[in-house]
Amino acid sequence: MHEQLSVELRIPGRGSEDVRKLTVCAGTACRANGAMKVYHAFVSEIQRAGFEVVESYAETLAKKDLSNTYRTSKSGCQGFCQMGPLVTLEPGGLLYVCVKPDDVPEIVERTLVKNELIDRLLYQDPATRVKFSKQAEIPFYKKQTRSVLKLCGAIDPESIDEYLAHGGYEAAKRVLTTMTPEQVCQEMLISGLRGRGGGGFLTGKKWELTRVQPGPQKYLICNGDEGDPGAFMDRSVMEGNPHSVLEGMLIGAFAIGASEGIVYVRAEYPLAVENMRRAVVCAQETGMLGQKLFGTDFNFNCKVVEGAGAFVCGEETALMASVEGCRGMPRPKPPFPAQQGLWGKPTAINNVETLASVPLILQMGPEKFSKIGVANSTGTKTFALTGHVANTGLIEVPFGMTLREIIFDIGGGVTDSKGKILKDGFKAVQIGGPSGGCLTAEHLDLPLEYESLRKVGAMIGSGGLVVMNKDTCMVSMARYFMQFTQNESCGKCVPCREGTQQMLLLLEDIIEGRATSETLELLKELAEVVQKGSLCGLGKTAPNPVFSTLRYFREEYERHVLDKWCPTGACKALARPEIVAEKCRGCGMCLKVCPVSAIVGEKKQAHTINAALCIKCGACAQTCKFNAVVGVA
């Protein structure tokens, strides 16, 4: 199933062909690359070309004649972050990539005025060298099913009117005016929607458990505390389509009987905080939040709370402690939040992507949604695709898609450190962030869904996918994630506080050459204690990267421990740099950059490295154009 990516600007009573729209991706990644400068340059240049510029949806609605008008808009993340800033033109779905302010006059003159394509601004596939003019034809987008993300890169996140024009709040209105809370919970159960934050608990069941609790006061919390390294799925939804989150909250609140909602967003997401707060105000002003909604007796108010920036606050009990003004630390369960949550009242906590899926389910029908994906893992899932892959960014695919399809079809293949595509370079992928595990080449055809991943020691998690090539040291990778979880441990329970610290020290012993044959068994035994004895999910899943790398890359660990050698050269203390004679051209570049004169050799003859002098700095490997230096990162 593939959803059409192009989203028309809908104007009641008019054909979409009357509207010419230029959209600049203004998500966090594109903003960091100068997207706002690009946008303002377009406004100036379009006006200079003789067109009238309309910057808001409301103004567009008010215009009677759009023949000489361009609607300019800033959207949320369009997904292809690596190619930003992105500029799309409608109608037609034309996409320009890596646009700079200096490119804007040429785009206006040649494309907007003369209807010509600018070849150098089109996306070029790194493997086939084929260029694409339409977004929907690019391999990165073509195999995706963008439903939660469909409007994120198309509509203006600051405009509630534009969200309403695309069916926004219609599902909420139908729920409040024609359904009972029991029916809403049942619809969610039929859809099979599971929590997208990592736990995978059935949303309908969670809502039903909260609904049946007695008491007049209940809460619904949106968990936007996305803390996994490299993950930005929830951030992008809050930035690009905040009203979809609020509508999902409104429906969920009705289902459980909550009158108050809280959007908990980590403080490191300033744009998400800004857009969510603006969305709340706009929803209140237009009657989508507040008292007697849609003419019923149901009341629901919402506020945005900034998180403290702690990874552990993604755990629901720690999150509630943070909202209450306490230090974000988890508490034992039971009682569960559905029984005693925020301020001791029944509370349902759902993540951003879960809530944004709710209006879509009610629009298409739960039965139709349940047919997307696979049994027990229905619908789609967003992933942040990063690492040694040609196309990085934010993707959305149906559950059941394989790693091979994601990495090689959507991602464009595995690359080396310089971005060159490797034919046989895949080594592993870390899925689920610090709480997840590694998958190897033998898992490339494994369907991505909750149960299949659990069987191989991994998990969907929140949706991070870090691709690693064969130059990646898996021991160093495990150490990286252990360093993260150790830093983020709240310290409340001994197994997590002390156990992660000791696991980190053991991993450091391994990569620095101090480990003995007993170290690996001690590491495994300690990991089991941390997993079983920790209080919350952070501690219980902290050993997962260690478990999976020990399981699938045991030989690499043993090389570090027994041979005192890192095969990839990433561990400086265990590196053994050498020059492959067959690859060396004798150009002398490595000799020139070596700071200790450890490289010798005649011009146009193979060079060698004096191991006694080498300090393993890696300058030679970085300089060599022929990849002749091996054994050092």
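Details
- Counting every other Cβ atom within 10 Å of each residue's Cβ, Ser370, Ser417 order from fewest to most as Ser417, Ser370.
- The trypsin sites (Lys or Arg not before Pro) of the stretch 245-306 meeting both criteria, a DSSP state outside H, G, I, E and B (loop) and at most 12 other C-beta atoms within 10 angstrom of the site's C-beta, are Lys292.
- Cα gyration tensor, the chain - rounded (a/c under 1.5), prolate or oblate: oblate
- Relative contact order (percent, whole number), the chain, Cα cutoff 8 Å, 6+ residue spacing: 11 percent
- Over the stretch 16-135, relative contact order from alpha-carbon pairs under 8 Å, at least 6 apart, %: 31 percent
- 14 Å Cα-Cα reach of Lys218 towards aspartates and glutamates, excluding residues that sit fewer than 8 places from it in its own chain: Glu208, Glu260
- Summary value for the stretch 575-630: 45 percent relative contact order, contacts being C-alpha pairs under 8 angstrom separated by 6+ residues.
- For the stretch 473-481, backbone phi angles converted through the Karplus equation (6.51, -1.76, 1.60; θ = phi - 60°) give residue-by-residue couplings of 8, 6, 5, 5, 5, 4, 5, 4, 5 Hz, Gly and Pro being listed as x.
- Each peptide in 36-47, 506-517 receives the mean, over its residues, of other Cβ atoms within 10 Å, and ordering these scores from highest gives 36-47, 506-517.
- Listed peptides 231-239, 21-29 by packing density, highest first (mean Cβ within 10 Å): 231-239, 21-29
- Spatial separation of Cα centroids for the stretch 277-314 and the stretch 21-77, in angstrom: 28 Å
- Pairs from Lys143/Lys625; Lys21/Lys150; Lys470/Lys564 whose Cα-Cα separation, in the structure shown, is over 24 Å: Lys143/Lys625
- Counting DSSP beta bridges with both ends in the stretch 160-369, the antiparallel % (nearest 5): 10 percent
- Antiparallel content of DSSP bridges confined to the stretch 374-472, in %, to 5: 85 percent
- Inter-part distance where the stretch 206-272 and the stretch 584-630 are each reduced to a Cα centre, Å: 55 Å
- Bridges between two residues of the chain, per DSSP, are antiparallel at a rate of about 55%.
- In terms of surrounding Cβ atoms within a 10 Å radius of their Cβ, His243, His166, His607 rank from fewest to most as His166, His607, His243.
- Cβ-based exposure ranking for Ser462, Ser377, in which fewest neighbours within 10 Å come first: Ser377, Ser462
Read the figures in this text as sums done on the coordinates, not as results from a lab. Predicted, not measured: the structure shown is a model, and the values here were computed from it. Don't worry about glycine lacking a Cβ; one is built from the backbone with ideal geometry, like all the others, and counts go over all protein chains shown.
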